[in-house]
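Okay, so here's the structure we're looking at.
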Amino acid sequence: MSLIKIRRKTRLEHRHTPKMGAFDTKVTYIKKTLLNLIPLKTLHKYRETYYGKVKDCEDCSLAK
């Protein structure tokens, strides 16, 4: 049995970009967890656009 596992979770977030303004999008987090309970590190997070393109979340910031 492995102690460290990779977990993928999708959740709805509020985002803001200069071109589009504020919008809601589904963001997928890939995390490394210990015993599938304690998160250790976020490996990657990305979002899928309306047109099906996958984008990294570094190009948009959280809405304030």
> Just for the range 43-54: of the residues that are open to solvent by less than 70 Å² (accessible area, probe 1.4 Å) and part of a strand (DSSP E or B), which one is modelled with the lowest pLDDT?
Replying inline: Arg47
> Restricted to the range 18-42, and to residues that are hydrophobic (A, V, I, L, M, F, W, C) and within 10 Å of the chain's Cα centre (by Cα), which residue is farthest from Lys5 (Cα to Cα)?
Replying inline: Val27
> Considering only the range 1-31, how many residues are open to solvent by 80 Å² or more (accessible area, probe 1.4 Å), in contact (Cβ under 8 Å) with a residue 40 or more places away in the chain and touching a Phe, Trp or Tyr at 6+ places or on another chain (Cβ under 7 Å)?
Replying inline: 0
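The values are calculated or read from the model by the stated rules, or taken from the named source; none is laboratory data. As the structure is a computational prediction, the values presented were derived from the model and not from experiment. For neighbour counting, all protein chains shown are included, and Cβ atoms are generated from backbone atoms with ideal geometry for every residue, glycine included. These accessible areas exclude ligands, DNA and RNA; they are computed on the full protein's heavy atoms, side chains included. Shrake-Rupley method; radii C 1.70, N 1.55, O 1.52, S 1.80 Å.
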